[in-house]
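Written out below as structure tokens is the structure these notes cover.
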Amino acid sequence: SQTIHQWPATLVQPVGSPLSLECTVEGTSNPNLYWYRQAAGRGLQLLFYSVGIGQISSEVPQNLSASRPQDRQFILSSKKLLLSDSGFYLCAWSVDGTPAKNIQYFGAGTRLSVL
Amino acid sequence: AQTVTQSQPEMSVQEAETVTLSCTYDTSESDYYLFWYKQPPSRQMILVIRQEAYKQQNATENRFSVNFQKAAKSFSLKISDSQLGDAAMYFCAKTGANNLFFGTGTRLTVIP
């Protein structure tokens, strides 16, 4: 069966520090991968998605970047965190194919607090 | 722009009773998918039920069922025989070209 791992679960970082959140998927090949952010009292907003190694699409211009160095690894990064980067970050995957047609399965999320 | 609207920020239901959560959406597409996700206090998003827009039959998963009205662009979730474990945030979502569009969620409280 497929599983998705996301870490860390909680992170407290000072303003201006770098960020690296990691997500890995097991039990499937060439998944579509996604990074979402959930602000308090709101739904999820797509940040990045990837349909293959090295292929990253950004949906929202911001202080963050994403990379996919391996087939089942998706990393969310920042060189310098801003206060506004605080939030709950969720990684998700779906089976290979058109993203619009597939169920997305989510990781447990990372609570990021920038102080 | 595609939008998903959940007009009920909070709902409550007595244990063992039935509750319906509302969702409407805006789209010009004819082929898409709709989902209800549950987010318990652990914050992990869990898929509850999926509806394919080209199917007229409403999806059902055990105690969870939907009322899909394509012309009205409405997609409500009915939870029957509510249990304490059903307490959570519920998000309606619709597929876009490359992602899901989410509503702002409905917080469901189950009263013992």
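Considering only the other residues whose Cβ falls under 12 Å of the Cβ of residue A:51, what net charge follows from Lys and Arg at +1 and Asp and Glu at -1?
Numbers: positive: A:68; negative: A:71, A:96.
Charge balance near residue A:51 sits at -1.
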DSSP-defined beta bridges in the protein assembly as shown - what % are antiparallel, rounded to 5: 90 percent
Each residue of segment A:73-89 in order: what ³J(HN,Hα) in whole Hz does its phi give by Karplus 6.51 cos²θ - 1.76 cosθ + 1.60, θ = phi - 60°, with x for Gly and Pro? 10, 9, 10, 10, 9, 8, 7, 9, 6, 10, 4, 6, 7, 4, x, 10, 10
What figure, in Å² to the nearest 10, do you get for the accessible area of residue A:106 with a 1.4 Å probe and non-protein molecules left out? 10 Å²
Straight distance only, please: which lysines reach the Cα of residue B:73 with their own Cα at less than 28 Å, same-chain residues fewer than 8 apart left out? A:101, B:38, B:55, B:94
5 Å-binned pair-distance histogram of the protein assembly as shown (Cα, whole percent): 1, 7, 15, 18, 18, 16, 13, 8, 4, 1, 0
Give the long-range amide H neighbours of residue B:17: residues separated by 5 or more places, or on another chain, with amide H under 5 Å away, using H modelled in the peptide plane at 1.01 Å from N. B:82
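Mind checking the mean number of beta-carbon atoms from other chains within 10 Å of the Cβ atoms in A:103-114?
Numbers: counts 6, 8, 4, 7, 3, 4, 5, 1, 1, 0, 0, 0.
For this peptide, the per-residue mean of nearby foreign Cβ atoms is 3.
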Which aspartates and glutamates have a Cα lying under 18 Å from the Cα of residue B:78, excluding residues fewer than 8 positions away in the same chain? B:10, B:15, B:17, B:52, B:61, B:86
iface B-A | buried accessible area, total | probe 1.4 Å | Å², round 100 | 1800 Å²
Residue A:3 and residue B:97 label points (each 7 Å along its Cα→Cβ direction) are spaced in nm at 3.7 nm
extent check for segment B:3-111: Cα max minus min per principal axis, descending, whole Å, gives 39, 26, 21
Gain upon complete extension [residue B:72, residue B:14; 0.36 nm per residue less C-alpha separation]: 18.0 nm
I'd like the distance between the alpha-carbon centres of segment B:70-102 and segment B:1-62, rounded to an integer number of Å. 1 Å
Going from most exposed to least, what order do A:7, A:93 have by accessible area with a 1.4 Å probe? A:7, A:93
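The values are calculated or read from the model by the stated rules, or taken from the named source; none is laboratory data. Model, not experiment: these values are computed from the prediction. Quick reminder, even Gly has a Cβ in these numbers, built from the backbone with ideal geometry, and neighbours come from all protein chains shown. Ligands, DNA and RNA are excluded from the accessible area calculation, which covers all protein heavy atoms including side chains. Shrake-Rupley method; radii C 1.70, N 1.55, O 1.52, S 1.80 Å.
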